[in-house]
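Enquirer: Right, I'll just put the structure down here and ask away after.
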């Protein structure tokens, strides 16, 4: 996977962490969680991120839309432009709106 980062000239700005068994320590440090799946049933990792007050941008697969509801963004699957727009939308929120979304994710 690292070769893809190098091929695209972005290896300087990315860190591949490999499998993790301590998500509860890692997830709270994220500004936004992104799920880019083509297929899912019930993506528990989205719920785990939300339980750490991290809003999500996720593709509309399985039960994702029901889980994320209005405290994140759900975009069509296999649409990288929509995924990028969803991420930018959340990352550009003013601080007070961002905090409200973080608390909404936790409450949900």
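Enquirer: Would you pick out the residues in segment 85-105 that are surrounded by 14 or more Cβ atoms within 10 Å (Cβ to Cβ), within 16 Å of residue 69 (Cα to Cα) and out of contact with any strand residue (DSSP E or B) (no Cβ under 9 Å at 6 or more places or on another chain)?
Expert: Listed by number, the residues that qualify are 98, 100, 102.
Enquirer: If you take the residues in segment 11-57 that are free of Cβ contacts under 8 Å to residues at least 40 places away in the same chain and in contact with a strand residue (DSSP E or B) (Cβ under 6 Å, 6 or more places away or on another chain), which one is nearest to residue 71 (Cα to Cα)? It would help to see each step written out before you state the result.
Expert: Kept after step one, since they are free of Cβ contacts under 8 Å to residues at least 40 places away in the same chain, are these residues of segment 11-57: 11-30, 33, 35, 39-48, 57.
Subset that is in contact with a strand residue (DSSP E or B) (Cβ under 6 Å, 6 or more places away or on another chain): 33, 35, 43, 46, 57.
Details: 33: 12, 35: 14, 43: 16, 46: 12, 57: 9 Å.
Top of the filtered list is 57.
Taken together, the values in this text are just the output of simple stated rules run on the coordinates, not laboratory data. Quick caveat: nothing in here was measured; it's all calculated off a predicted structure. Cβ sites come from the backbone with ideal geometry, for glycine too, and all protein chains shown count toward neighbours.
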